[in-house]
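Student: A single structure is presented below for examination.
The values are calculated or read from the model by the stated rules, or taken from the named source; none is laboratory data. Not measured: the values here are computed from a predicted model. Here the Cβ is made from the backbone with ideal geometry for all residues, glycine too, and neighbour counts use every protein chain on show. Ligands, DNA and RNA are excluded from the accessible area calculation, which covers all protein heavy atoms including side chains. Shrake-Rupley method; radii C 1.70, N 1.55, O 1.52, S 1.80 Å.
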Amino acid sequence: MEGWDPQNLILPEVRKLCRSQSEYLDQHFKTQKDVSSSSTSSSCLLSEWTKHCSHYDNRLLHLRTTLMDRTLSWISSSFRAKASLSNLDLTLSASSQYGTALKRLLGEELRLLALQLHRIHFIRQYVETALRLEALVGDLEDVVFSSGNHRPGNMFAKFSTLLTSQDFGVKEERLLKAIKAMNDVEEIIVIVEKSQQWHHLLKSVDHRVDKTLAILRPEALAEHRALLASFGWPPKLLASKVESGGLSKLLNPLLLMHGNEKKSYAQSFHVLCALQQLHSRREARKFKTLGQKECEIRLWAIDELVTPLAVRMEYHFVKWAEQPEFMFALVYRVTRDFMEGVSDILQPLIDAARLTSYSANEAWVSAMVHILSGFLTKNVFPALAERYKEKDMKLEVISLWLHLVDLIVAFDKQMQSLLRYETCLLFPDAQRRGISVLIVFCDRPDWLKIWAKMELKDGWKKLKAVLKDAKAWQIDDKHRVDFDVSTICETFLLSSREAHKAPFVAESALKIAQEMIDRCQTLPDILSRAKFVRSTVARFFWYFSNVLLLHCRIAELPPQELDGSAFVRACESINAARYVESKLQEWSDDASFLEMKIAENNSNMLEQHQGFYDDCFFEEEIKCLAELETNWLMEIVAVLLRQFENLTLEYNHTEDSNAFIEVLQSLKNQLHVLKKNLNGKDFLDLWRSVADGLDHFICGSILGGDVKFSKKQSNEFGTDMQALFLVFQPFCARPEAFFPCIRDILKLLAMSGEEVKHLLVGKKSEKYMQSYGISHLRFDQVEKTLRKLKF
């Protein structure tokens with residue numbers, strides 16, 4: 001610091017100072033007086049800065065010395081290593097005969113040495129891990145099996161006796177200590193699985209831990225049951241009042257707990273939750289790495305509440321075998337009355353135990369549903385399925401079975417409504433988790449098949465009753481309106497039955513099918529639901545398409561006997577098919593049907609359902625209905641064209657315009673009947689097809705006939721064609737646009753002699769003919785038409 005003079009310093013500009021520097025200066029030099037060297041503050045700051053500078057100079061000198069020492073040490077080591085390698089190279093090169101071989105041998109030995117070192121390191125890791133796991137598992141077994149020598153077969157009895165001889169707090173402490181030891185083992189296993197593949201070691205450890213867990217879990221559950229029984233669980237169900245049609249609100253022992261009872265229950269609940277969390281973690285790992293089957297995880301503490309209730313309920317269920325509605329009423333009332341205690345007491349305990357994605361209310365409702373589904377699986381449906389095989393009992397069994405399903409569907413809605421507010425966002429998942437008594441059909445495909453047969457038979461019976469009604473094929477008269485060109489776009493936006501002009505039977509068929517879908521909506525398994533819908537709704541619509549086809553075939557008559565009623569019957573079937581087709585497409589776009597289609601594709605269950613409609617559930621049914629519509633529209637078009645052809649044969653020979661006008665009047669009347677009874681979209685396709693057919697027929701008649709056209713005859717033909725265009729005038733603004741061939745012929749017949757000569761001797765190309773306005777006839781057709789002219 002010698003020679004340092006503040007006067008000789010060049011201070012930086014203020015704007016180049018950082019914020020901290022500016023704040024520091026502002027803090028110590030507030031006035032001009034503070035800057036002078038004679039001020040006390042300036043002297044103090046100068047002394048402080050001098051000390052800091054001296055300290056940093058000493059520190060810098062120390063760092064330089066240390067860096068120099070370490071650099072010299074590294075250089076010395078480097079020189080020694082270089083000298084050793086040089087000496088080795090000289091030694092190997094001393095003998096020209098063995099130098100190269102020795103180098104190669106040394107290189108191979110070094111590689112083998114590296115492999116051996118790696119193997120030793122691997123074995124060391126294995127041994128260290130095995131010893132660590134052995135120590136942890138040994139500590140776990142010491143906690144569970146207690147100290148001292150005993151026979152393995154006596155482990156459970158020894159542990160049970162030991163626990164019952166100590167107070168409750170000590171029991172819980174020992175259980176928690178054992179759970180902690182198992183969690184420590186699980187953490188090491190997870191780490192080992194990520195880095196190594198020591199399957200035999202992990203399998204051995206898992207076997208020992210599973211053996212320990214098989215002892216801990218029953219012991220913890222037994223202690224929990226004893227605790228529940230100590231404060232009056234399960235409560236009485238008051239069955240006598242159930243039978244009389246009412247049930248007073250049940251007393252909930254959970255809400256009556258207080259003091260030590262509540263504390264002991266919370267501790268026991270915490271132990272069960274910790275044990276279940278460990279079990280869930282192990283099962284998830286085994287499912288992922290060992291390919292073992294993933295088990296359904298239920299909330300054990302809730303199950304322990306429900307199990308003793310199930311015993312008492314089943315006593316009443318057996319008495320109500322002929323009155324199943326009492327079973328459903330009892331389960332619902334018990335579930336609802338205890339919901340408050342479950343929510344207020346158990347949910348905070350679950351949250352405290354950090355059991356993620358668990359809802360106390362959902363677990364409670366699911367467990368109660370499981371009571372009823374279990375009883376029906378064991379005691380009700382097996383008997384009904386056996387009786388269904390007897391021919392004389394079928395009708396009675398169908399009635400009982402469908403009544404039971406009605407009760408189940410209503411019960412499922414009631415139970416799921418209890419979760420409406422608690423798990424509204426997870427409600428679809430609640431259905432998948434088994435909150436439905438219909439789960440009884442998921443594991444029994446034979447029962448699902450029987451149920452589907454019954455539903456289909458019942459649906460077909462309802463449809464036949466509808467078909468007997470005289471109004472079944474009626475269409476609302478207010479929708480039989482005339483075709484207005486100004487509202488043509490609105491006419492084709494078909495949505496309702498009335499817009500499709502579909503008869504009432506179509507709405508009835510859809511309603512019956514919707515009821516079938518609604519009844520299976522709570523089936524927890526998606527694939528089972530898809531199978532049920534395939535066996536009921538899909539088959540039902542195949543039957544319904546046959547009904548529509550039969551209704552059309554009744555209308556089949558020879559062309560000479562064809563009347564308006566035949567057309568009306570055909571229109572009724574076409575409209576019904578169009579309406580049902582649109583609804584099936586709408587249903588297929590629904591998320592639930594998309595899920596079922598994906599489930600089918602993933603299971604490769606129905607290969608025939610992979611066609612044009614890739615993601616359409618009702619693909620085949622839609623194609624069948626669309627085919628029916630197309631075939632009968634073409635049939636109507638063919639009938640109209642054949643009738644027109646038969647009635648115009650005389651016109652072609654006699655050239656009597658009055659006869660042609662009568663033909664057009666008949667065609668107009670028939671189109672009016674079709675327009676009045678056919679939906680807008682299909683009628684559009686129909687009249688355009690008729691116009692196209694007439695265009696080709698009349699053009700072919702002229703080209704193939706021997707008639708010569710004078711000026712007068714050409715004018716008469718033009719007048720007749722204008723009359724033909726007027727028939728289609730109500731359906732579009734420019735009907736002549738749909739008769740392109742006739743329009744070209746009219747242009748040819750109106751040509752002068754000079755124009756005809758130029759056209760005949762000109763270039764035979766489309767571009768040349770287009771210059772005359774001819775765009776839909778070939779040159780040979782043009783030539784044939786022009787040669788029929790008489791000038």
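Student: Hey, can you grab everything whose amide H is under 5 Å from the amide H of Phe709? Only 5+ residues off in sequence or another chain; H modelled, so Pro and N-termini drop out.
Tutor: Here Leu789, Lys790 satisfy the definition.
Student: Highest mean first, what order results for 189-199, 769-779, 717-727 on Cβ atoms within 10 Å? If you can, show how the numbers build up before the last one.
Tutor: Numbers: 189-199: 13.6, 769-779: 15.3, 717-727: 17.2.
For the peptides 189-199, 769-779, 717-727, the packing ranking is 717-727, 769-779, 189-199.
Student: Assuming R0 = 56 Å, what is the FRET efficiency of Phe697 and Leu395, from their Cβ-Cβ distance, to the nearest 0.05?
Tutor: Values: r = 58 Å, r/R0 = 1.04.
Once the sixth-power term is evaluated, E becomes 0.45.
Student: Taking 0.36 nm per residue of sequence separation and subtracting the Cα-Cα distance, how much length would be gained by fully extending the chain between Lys262 and Leu726, in nm to one decimal?
Tutor: On the way: separation 464, 0.36 × 464 = 167.04 nm, distance 9.16 nm.
Stretched fully, the Lys262-Leu726 segment lengthens by 157.9 nm.
Student: Another question, if that's okay. When each pair of different Cα atoms in the range 687-791 is counted once in the 1/r mean, what is the Kirkwood radius in angstroms, to one decimal?
Tutor: Values: mean 1/r = 0.0701 Å⁻¹.
After inverting the pairwise mean of 1/r, the radius is 14.3 Å.
Student: Mean separation of Cα pairs under 8 Å and 6+ residues apart, divided by the residue count of the range 295-437: what relative contact order is that in percent?
Tutor: The value is 29 percent.
Student: Quick check: the distance between the Cα centres of the range 385-407 and the range 744-791, to the nearest angstrom?
Tutor: 79
Student: Please give the peptides 25-31, 352-358, 631-637 ranked by average Cβ packing (other Cβ atoms within 10 Å per residue), highest first, as a rough proxy for protection. Could you put the intermediate results ahead of the total?
Tutor: Working: 25-31: 11.1, 352-358: 13.9, 631-637: 17.7.
Highest mean packing first, the order is 631-637, 352-358, 25-31.
Student: Let me ask something additional. Hey, what does the equivalent ellipsoid look like for the range 295-437, semi-axes from the Cα gyration tensor as sqrt of 5 times each eigenvalue, largest first, whole Å?
Tutor: On the way: eigenvalues 196, 46, 35 Å².
Here the semi-axes work out to 31, 15, 13 Å.
Student: Under a Cβ-only charge scheme (Lys and Arg +1, Asp and Glu -1), can you give me the dipole magnitude of the range 674-791 about the Cα centre, in debye to the nearest 20?
Tutor: Details: 19 positive and 14 negative charges, 47 e Å.
Using Cβ point charges on Lys, Arg, Asp and Glu, the range 674-791 gives about 220 debye.
Student: Please list His258, His316 from largest to smallest accessible area, probe radius 1.4 Å, with all protein chains kept in place.
Tutor: Details: His258 125, His316 20 Å².
Ranked list, largest accessible area first: His258, His316.
Student: Can you tell me the accessible area per residue over the range 295-437, all protein chains present, probe 1.4 angstrom, in square angstrom?
Tutor: Details: 6640 Å² over 143 residues.
For the range 295-437, the solvent-accessible area averages 46 Å² per residue.
Student: Could you work out the local net charge near Gly773, counting Lys and Arg as +1, Asp and Glu as -1, over the other residues with Cβ closer than 10 Å to its Cβ? Don't skip to the end; give the middle numbers.
Tutor: Working: positive: Arg743, Lys747; negative: Asp744.
Charge balance near Gly773 sits at +1.
Student: Could I ask something else about it? Could you order Lys623, Lys675 so the one with the most accessible surface comes first? Probe is 1.4 Å.
Tutor: Working: Lys623 85, Lys675 20 Å².
Of Lys623, Lys675, the descending order of accessible area is Lys623, Lys675.
Student: Then there is this: For the peptides 390-398, 454-462, what is the packing order when you average, over each peptide's residues, the other Cβ atoms within 10 Å and list the highest mean first?
Tutor: On the way: 390-398: 12.4, 454-462: 17.2.
So the peptides 390-398, 454-462, ranked by packing, come out 454-462, 390-398.
Student: With a point put 7 Å past each Cα toward its Cβ, work out how far Lys319 is from Gln21 in nm, to one decimal.
Tutor: Those two pseudo-labels are separated by 9.5 nm.
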